[in-house]
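The values are calculated or read from the model by the stated rules, or taken from the named source; none is laboratory data. What you see is a predicted model; the values in this text were computed from it and never measured. Cβ coordinates were reconstructed from backbone atoms using ideal geometry, including for glycine residues, and neighbour counts include every protein chain displayed. Keep in mind that these areas ignore ligands, DNA and RNA; they rest on the heavy atoms of the full protein, side chains included. Shrake-Rupley method; radii C 1.70, N 1.55, O 1.52, S 1.80 Å.
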Amino acid sequence: NEGNEYFKEKDYGRAVAAYSEGLRRRCGDAELDAVLLTNRGAAHFHLGNYRSALNDAIQAKKLKPTHLKAIIRGALCHMELKNFSEAISWCEEGLQIDSKEKKLVEMRAKADKLKLEGTFLEIQTAFSPGCQGRAVLGTDLLCERNIKLVLEPSDEEEEVSDGLAEISLDGFHSDSATGAKVHLDADGSLNWPVLFLYPEHEQTDFTVAFHENSRFIDHLMVMFAELPPWDLEKKYLPNNLELYFEDEEREEMYEVNPEHTLLQVLQHERYFVKAGTPTVLVFAKRSPFSKKYFSGKKVHRL
């Protein structure tokens with residue numbers, strides 16, 4: 001009930017935390033757990049955490065195979081992740097339960113259409129300080145934001161690509177290293193796939209759609225609503241984390257203000273987006289590991 005109240009208030013981060021607490025109680029009621037998972041998935045979905053939302057839908061469907069809301073949510077997640085074949089499969093599964101469910105009928109048709117179209121407009125752009133003459137189609141969206149994008153070419157492409165980078169912008173896109181794509185939403189804002197690295201534990205987190213105007217602290221509150229299983233010392237709490245990005249060329253580290261938005265970080269003069277996926281390193285504050293990791297590198301702190 002607490003989660004539902006937060007959800008109505010559009011406080012999706014706290015809704016996720018409340019539903020997670022409900023699941024931790026292990027009530028033994030499969031139907032209630034399916035509802036909690038489906039609701040948490042809906043909150044994740046509104047935060048742009050489509051992979052987490054899909055995982056919750058999958059678990060809810062295992063507990064209650066006829067739970068239509070979970071099936072609809074799973075299909076919606078596959079649509080956002082551009083997995084149109086999987087979206088069709090989920091829609092068909094739901095339509096076997098209710099052949100007249102309007103959302104599934106419409107989504108099935110849309111997924112079919114997008115799957116048939118199959119190809120999107122790829123944009124190639126090269127980083128140059130003023131983007132001189134390179135603003136082809138959607139690349140001006142990056143230039144006007146002062147975002148620098150580079151793609152490390154493979155051995156086969158090295159001779160011809162000459163630093164060219166592929167970017168994906170919804171209708172226009174190409175794959176990033178993780179398979180997710182940066183896309184333009186209806187409001188004209190960019191949503192990026194973002195990779196979080198935890199060097200101390202050799203772990204990673206991946207957010208499929210990080211809105212450029214979302215703050216890092218808001219995502220951390222959701223990601224660490226529950227302690228990760230690898231954090232045995234219970235150090236990785238949202239307010240006990242330090243974020244950095246690395247300037248590999250200069251071997252320098254830059255601390256990131258968690259209150260800053262993704263766009264503010266991407267606009268930093270020394271931030272370069274590689275392979276279409278921004279990356280951030282996460283450490284527990286004042287940890288012995290981070291001191292060792294930073295050894296020999298210049299660290300620009302806040």
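What to note about this one:
- Any hit, the stretch 271-283, residues being open to solvent by 70 Å² or more (accessible area, probe 1.4 Å), over 29 Å from Leu54 (Cα atoms) and either outside the structural domain of Leu149 (by the TED database) or touching a strand residue (DSSP E or B) at 6+ places or on another chain (Cβ under 9 Å) (or both): no
- Test for Pro193: is it open to solvent by less than 40 Å² (accessible area, probe 1.4 Å), in contact with a strand residue (DSSP E or B) (Cβ under 8 Å, 6 or more places away or on another chain), part of a loop (DSSP other than H, G, I, E, B) and not polar (S, T, N, Q): no
- Asn213, sole failed condition from (1) outside any loop (DSSP other than H, G, I, E, B); (2) within 17 Å of Asn257 (Cβ to Cβ): (1)
- Of the candidates Glu269, Glu255, the single residue that is over 19 Å from the mean Cα position of the chain (by Cα) and outside any strand (DSSP E or B) is Glu269.
- Those residues of the stretch 286-302 which are open to solvent by 70 Å² or more (accessible area, probe 1.4 Å) and in contact (Cβ under 8 Å) with a residue 40 or more places away in the chain, in sequence order: Gly296, Lys298, Arg301, Leu302
- So Ala17, is it open to solvent by 20 Å² or more (accessible area, probe 1.4 Å), within 23 Å of Met221 (Cα to Cα), within 19 Å of the chain's Cα centre (by Cα) and among the small types (Gly, Ala, Ser): yes
- Test result for Ala225, at pLDDT below 95, more than 30 Å from Arg25 (Cβ to Cβ) and of a type in the set (Gly, Ala, Ser): no
- Total residues in the stretch 73-94, condition free of Cβ contacts under 8 Å to residues at least 40 places away in the same chain and either more than 25 Å from Leu36 (Cβ to Cβ) or surrounded by 21 or more Cβ atoms within 10 Å (Cβ to Cβ) (or both): 14
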